[in-house]
Every structure is written in structure tokens, then in C-alpha cells.
1. With N set to the number of residues, divide the alpha-carbon radius of gyration of the stretch 139-186 by 2.2 N^0.38 Å and report two decimals.
2. Given a Förster distance of 35 Å, report the FRET efficiency between residue 97 and residue 154 from their Cβ-Cβ distance, rounded to the nearest 0.05.
């Protein structure tokens, strides 16, 4: 029986062996590059990005600092809050409506003003020096609904919920508070 098996086995040439070895190496190398590109480029970078796609494939994106807050970065009632020392940045590919005010396509700084019973989302046209808040640069202020969070995060967490074909709700979670407001596509 062994003899029959050996009679059907074809001996490979050194060139064929080399080609198979080369193919295996190429596959392994390409997989390692794909795995490396899937990882975050800089694990020390505290920047997080959230995105919401509307039904017509247009999107809005928010970048924010989700590092652990120092005492000076903690939200204070009635004062503009810069999570992690910098405002959030809103990028929109489509005109939006927030609290009955139209926001054209572009980039904006986003601030939050927390209070005990209500938070306010502030969209500012100041993107050149966003760490310096200037109320005169405000485009719109929108009241946010707030609620309690069962498992409070130790750092700001943000997400979008696509609640209707032309509506995305931004959701901010910090400590025991969750705050929500809707952006509508115009």
C-alpha cells in the first residue's frame, strides 16, 4: 500500500518549493501589515472620533479628547467645559439644523455648559483658537436632555445615534450624567 501512495506523489522541483515558500511569506507579511494598520497609530493619543451617517450617505464627525480629566478639567456648573483641556471639533459634509439654527457645511468648535438640571451644547465658529472660548463666536446654543448613567465612565465618552434618516443624536457621558441633543440634516 505504501508503494501505491508513493507512486502517486510527485516530487517537487527546487523552483516549485521556492515559489510556495515565497507565496507563504508574502501572505504572512501582508497579514502583519493589515494588523498593524488596524491598530491605533499612537496609543498615547487621547483623540477619539465619532461619526454619524445620514440616509443619503452624508456624514457628520466629532473629534474630542477622551483622556482622564485632571481636577482643572472637571465640569463646573454654569461654566464652559473643555473636556481634556480642548473643545470638541465638529465636521459636517451637509448643512445641519441644531435648535432651529442652520449650520453650513464646515468645521466648528463644540463646547458644553453643564448645569444640575440641564446641559447646553454650544457650537462656535471659532476654530482658529478654540481653546480660548469667546461667546461672540457662538452660532447656536442647544439645550441637552440629561439622564442618569448606570455605569459611569471616568472620562468623557461620546457617541452618535442615528435616530431617523435625517437625524443624528450626539450623546455625551461623563460620570453619572448622560446628555443628548439632535442634529438634523437640512
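1. Numbers: Rg = 11.7 Å, N = 48, 2.2 N^0.38 = 9.6 Å.
Against the empirical 2.2 N^0.38 Å value, I get 1.22 for the stretch 139-186.
2. Working from the Cβ atoms, E equals 0.55.
Computed from the coordinates by the stated procedures, all read-outs in this text should not be read as laboratory data. What you are looking at is a predicted structure, and each value in this text was computed from that prediction instead of being measured. Cβ coordinates were reconstructed from backbone atoms using ideal geometry, including for glycine residues, and neighbour counts include every protein chain displayed.
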